[in-house]
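Student: There's a structure below that I have some questions on.
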Amino acid sequence: MVCLLWQQLPKWCSSPAAIALLDQFVSRFPRMFEHLNSNPKDDMYYEADLFPEPDGPESWSLVQEFLKQLPTYGLEPVDCGSLILDAPQIAAIEKAVLDMQVCVWP
């Protein structure tokens, strides 16, 4: 299933790690995202509409469990527009610096 919800939003800059987490979320709870995609302009959704079977394969408690097990769960929020790099970009910069190091003899 392709989630159209984030494709219809204004352009967002997301890291590959964020996109991978979102893909996991969509794959784990497809019916919830199908409902969200059915009317993406709404800003209010009811739990009973998102999870018609309270004890089914998708429920609010399972969503909470899923989110709590993510490696990003305990991270501090970052303000939009912050100048932060992801690990792959930092590694590339470190490699470029190491590649540029020149041994200078006195």
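The values are calculated or read from the model by the stated rules, or taken from the named source; none is laboratory data. Note that the structure is a prediction, hence the values are computed from the model and not measured. The area values use the complete protein model at the heavy-atom level, side chains included, leaving out ligands, DNA and RNA. Shrake-Rupley method; radii C 1.70, N 1.55, O 1.52, S 1.80 Å.
Student: Starting at the first residue of region 15-26, write each ³J(HN,Hα) from the Karplus equation 6.51 cos²θ - 1.76 cosθ + 1.60 with θ = phi - 60°, in whole Hz, x for Gly and Pro.
Tutor: 6, x, 5, 5, 5, 5, 5, 5, 4, 4, 4, 5
Student: Here's something else I'd like to know. For residue 73, tell me the accessible area in Å² from a 1.4 Å probe, rounded to the nearest 10.
Tutor: Ignoring ligands and nucleic acids, residue 73 comes out at about 130 Å².
Student: If you roll a 1.4 Å probe over the heavy atoms of the protein chains, what accessible area per residue do you get for region 22-82, in Å²? The partial results should precede the final answer.
Tutor: On the way: 4620 Å² over 61 residues.
Accessible area per residue, region 22-82: 76 Å².
Student: Now a separate question. Could you sort 44, 32, 100 by their accessible area in this structure, using a 1.4 Å probe and putting the largest first? Please report the intermediate quantities before stating the final value.
Tutor: Values: 44 120, 32 15, 100 145 Å².
From most accessible down to least: 100, 44, 32.
Student: Here is a follow-up. Probe radius 1.4 Å, ligands and nucleic acids left out: which of 15, 27, 59, 82 has the largest accessible area, and how do the rest follow? Walk me through the numbers on the way to the answer.
Tutor: Working: 15 30, 27 95, 59 5, 82 50 Å².
Descending order: 27, 82, 15, 59.
Student: Given a 1.4 angstrom probe, I'd like the percentage of the accessible area of region 18-106 that is carbon and sulfur, rounded to a whole number. Write out the running numbers ahead of the final one.
Tutor: Numbers: 4500 of 7330 Å².
Ligands and nucleic acids excluded, carbon and sulfur reach 61 percent.
Student: Using only the heavy atoms of the protein chains and a 1.4 Å probe, how would 98, 67 rank by accessible area, largest first? Kindly include the intermediate steps, with their values, before the conclusion.
Tutor: Numbers: 98 110, 67 60 Å².
My answer, sorted largest first, is 98, 67.
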